[in-house]
Amino acid sequence: MEASNAAVADALTLMGQLLEITGQDGFKVRAYYRAAEEISRIPRDVAGLTMEELMAIPGIGKGLAEKIQALAATGTHPELEALKAQVPGTLIELLELEGVGPKTVHTLWMKAGITSVDELERAARGRRIRAIRGFGEKKEQEFLRSIAQYRTRATRLNRAEAEAVVARVAAALSPGTYEVAGSYRRGRSTVGDVDIVSREPPHQVNSRLRGVADEVIEEGDRRTSIRVGPHRVDLRFTPARAYGSMLLYLTGSKEFNIRLREMTIAKGLRLNEYGIEDRDGGGLREFADEETLFSFLGMDWIPPELREDRGEIPRALAHDLPGLATLDAIRGDLHVHSIASDGTLPLPDLARAGEARGYRYLLVSDHSASLGVAHGLDPDRIAGQAREIEQVNRSSSCRLLHGIEVDILADGTLPLPPVVLADLDLVIASVHSAFHQEKDVMTRRVLSAMASDHVDIIGHPTGRLLGSREPFALDLDRVIEAAADTRTALEINASPLRMDLDDAPIRQAKEAGVKLAIGTDAHSAPELDHMKNGVVLARRGWCTPEDLLNALDAETLLEWTR
Ligand code: DGT
Ligand code: CA
Ligand code: CA
Ligand code: ZN
């Protein structure tokens, strides 16, 4: 994909910053910054420039020109990748802090071993910054202020946060007259801003919106944008007779829209948010809903979760879309904590919460006892829990399955003996420590857990926490391959903070014949409702009910583990 001038300039800046972070300075570093400046200023598309034209730009010699060409053509360059590999991923995040530049990052890293915003915060609170030469008490206070500011700035919303924003705005809209579109409707794990299509008269909606908005950014008859807290909401208004095309357009994704428009152009038609025109100007055809629009184009209606230009358009044209999993197909939750470890619910309450959701089963998967996990279960307490589960199951239509979420220790071993694991219905194994291992070490660590006869599911496989922790380095190709070989399921963790695995590896796993297990990782009853996030994520990974362990009844599920 060709990169824009801004993207090339950002990459050049990053290369300069990474060089400084690794301790270099002087001419080479400044050359990157200067080149970034120049590239962001030139009026022409950098991707179209020849070597000669690039070298005519002040400060750009042959070496830089070659790098710029590679960056423009591919978005990256081997030297950039090599630099990134030398530096912990979380270190770059420190540059987001006001008053923190690459030199400061270098010092913090080298002199205090600080590699993330969290670590800097701990060091500053622990008064360990003032001990670094050149930094004083004042600097410590500055860091804490910038960190506080950084944490409250608007970022992408997770699905729970987005839901809260939607609920606020929905209060100003009439049920059945609008739909939330954009990335929210496509089910993305994070949402940049909320987009809504409304077919109510704009003046009515606008006056009600003023009541719920913290700020009205822009107000009009076609579109209105407001802020709820720091978060932006874009509304588009349309007459009901053209609702379908507006909803289609605003749902996106951009890549999907572009591909669909290309397809209609090939048919001699022009698609936009108002409807479809003949190319020779023969009137605008309007669509009240998406279904009639898709069917006019000779294709099946595409579920929003698939609209990412990942092959869904040809499949819809061939009437060959997958029958995606739905919430109705889910018979149970495969990752739940009780009060025995760090959850809030005793087992009887858990069973009742499961019954209330119409589940056939819940997998009780408390933490195993090992270093660093509070209240983890040891073999004695596991045996006690088994007896209690038996008791509860006598009077519950939602069966509690007895599981465990066992730590995968840094060396790939498990802190519980095989005989204990063998007695459990299902075993989830997860990484909860030593997140910074090298990719190969981490991958072999997860692989050795999968090689255990007793491990059925790998929990939250990449360890990411949306907005606060990057996924750890893990070779998902190898993990998926090994999961297929060992018949281990991979978890789709439905917590809005995790959403782990992500859609692309889910699809890859499913295509490799690996089963997926949706677990809410609930620590309380309301969190069981996060199942819907997991289903949406599974749908984004093209999963049908056949791909999900949760679609099995309890007996078949237990047979699968054997
Ligand atoms: P977000 O907000 O970053 O999570 O992602 P989206 O997908 O909600 O993107 P947003 O809010 O910028 O735009 C909403 C929809 O509008 C997007 O999904 C598709 C459509 N759209 C936006 N920009 C373009 C564009 O340049 N071309 C086309 N064809 N459609 C666009
Ligand atoms: Ca959006
Ligand atoms: Ca938007
Ligand atoms: Zn966990």
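Quick notes on this structure:
- Residue match in the stretch 183-190 (condition: touching a strand residue (DSSP E or B) at 6+ places or on another chain (Cβ under 6 Å), within 16 Å of ligand 2 (Cβ to nearest atom) and not polar (S, T, N, Q)): yes
- In the set (1) touching an Asp or Glu at 6+ places or on another chain (Cβ under 7 Å); (2) of a type outside the set (D, E); (3) at pLDDT below 95, W301 fails one condition alone, (3).
- Residue ID - surrounded by the fewest Cβ atoms within 10 Å (Cβ to Cβ), chosen from residues in the stretch 119-155 that are within 24 Å of H436 (Cα to Cα) and in contact with an Asp or Glu (Cβ under 7 Å, 6 or more places away or on another chain): Y150
- Residue within the stretch 223-241 that is within 16 Å of ligand 2 (Cβ to nearest atom), open to solvent by less than 60 Å² (accessible area, probe 1.4 Å), assigned to a loop (DSSP other than H, G, I, E, B) and in contact with a helix residue (DSSP H, G or I) (Cβ under 7 Å, 6 or more places away or on another chain) present: no
- Condition check for G534: at positive phi and not assigned by TED's automatic domain parsing to the domain that holds E312: no
- Residue satisfying condition, being away from ligand 4 (no atom under 16 Å from the Cβ) and in contact with a strand residue (DSSP E or B) (Cβ under 7 Å, 6 or more places away or on another chain), within set A351, A340, A369: A351
- You will find that of E308, E277, E291, the residue that is in a helix (DSSP H, G or I), more than 16 Å from ligand 3 (Cβ to nearest atom) and open to solvent by 10 Å² or more (accessible area, probe 1.4 Å) is E291 and no other.
- The one condition from (1) crowded, with 16+ Cβ neighbours inside 10 Å; (2) in contact with a Ser or Thr (Cβ under 7 Å, 6 or more places away or on another chain); (3) assigned by TED's automatic domain parsing to the domain that holds L549 that L334 does not meet is (2).
- Filtered residue count, the stretch 166-213, keeping only those that are β-branched (V, I, T) and not in a helix (DSSP H, G or I): 7
- All of S448, S468 fail the test of being away from ligand 4 (no atom under 14 Å from the Cβ), open to solvent by 40 Å² or more (accessible area, probe 1.4 Å) and either in contact with a helix residue (DSSP H, G or I) (Cβ under 7 Å, 6 or more places away or on another chain) or modelled with pLDDT under 95 (or both), apart from S468.
The values are calculated or read from the model by the stated rules, or taken from the named source; none is laboratory data. For clarity, every value in this text was computed on a predicted model and none was experimentally measured. So basically every Cβ, Gly included, is an ideal-geometry build from the backbone, and we count neighbours across all protein chains shown. For the accessible areas, the whole protein counts, side chains as well, though only heavy atoms, and no ligand, DNA or RNA atoms are used. Shrake-Rupley method; radii C 1.70, N 1.55, O 1.52, S 1.80 Å.
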